[in-house]
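Take a look at the structure below.
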Amino acid sequence: MTTPQPIDYEKWLSMTIDSLHQALDQYNIGKLDGRLWKSIMGEVIHSGQDVEKIVIKFAQYGRFVDMGAGRGVKRGNRKRKPWFSKTKTREVARLRELLVNGMAIKAISEIESGMKSDLQINLINTK
């Protein structure tokens with residue numbers, strides 16, 4: 001059986017930030033060295049040995065761009081650029097998948113280690 005590998009939250013966070021940068025590029029939002037691009041950062045917050053939460057931060061106006069709202073945008077002219085919302089949904093789903101797989105492997109390993117090598121099963125036919 002495969003030994004469960006711990007989830008590398010720092011790696012996931014780094015890849016998610018890269019995905020957000022790619023989304024900015026895809027939607028042609030700002031410049032590679034622009035304020036929004038530079039403002040995207042994250043942190044894995046630990047509580048002892050456990051991960052308590054993962055925080056991703058960026059300039060607030062990035063949410064307005066995502067929603068198609070903000071300064072100079074009239075109601076009828078809104079054009080969403082979902083650089084954040086779509087990327088966040090996809091990456092959180094990926095993190096959830098990693099967590100579920102990790103827990104399943106750990107549970108199976110614990111069950112296997114709890115079983116004795118000389119397991120005996122008796123079936124009784126009551127017909």
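Bear in mind that the values in this text are calculations on the coordinates, not laboratory data. Everything numeric in this text was worked out from a predicted model, so none of it was measured. FYI the Cβ positions are ideal-geometry reconstructions off the backbone, even for glycines, and counts take in every protein chain you see.
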Label E112 and Y61 with points 7 Å out from Cα along Cα→Cβ: what is the distance between them in nm?
-> 5.4 nm
For the chain, what's the radius of gyration and Dmax over Cα atoms, in angstrom?
-> 23.0, 81
Tell me, E112, E43 in order of fewest to most beta-carbon neighbours within 10 Å?
-> E112, E43
For the chain, what's the relative contact order in percent, using C-alpha pairs closer than 8 Å and at least 6 residues apart?
-> 27 percent
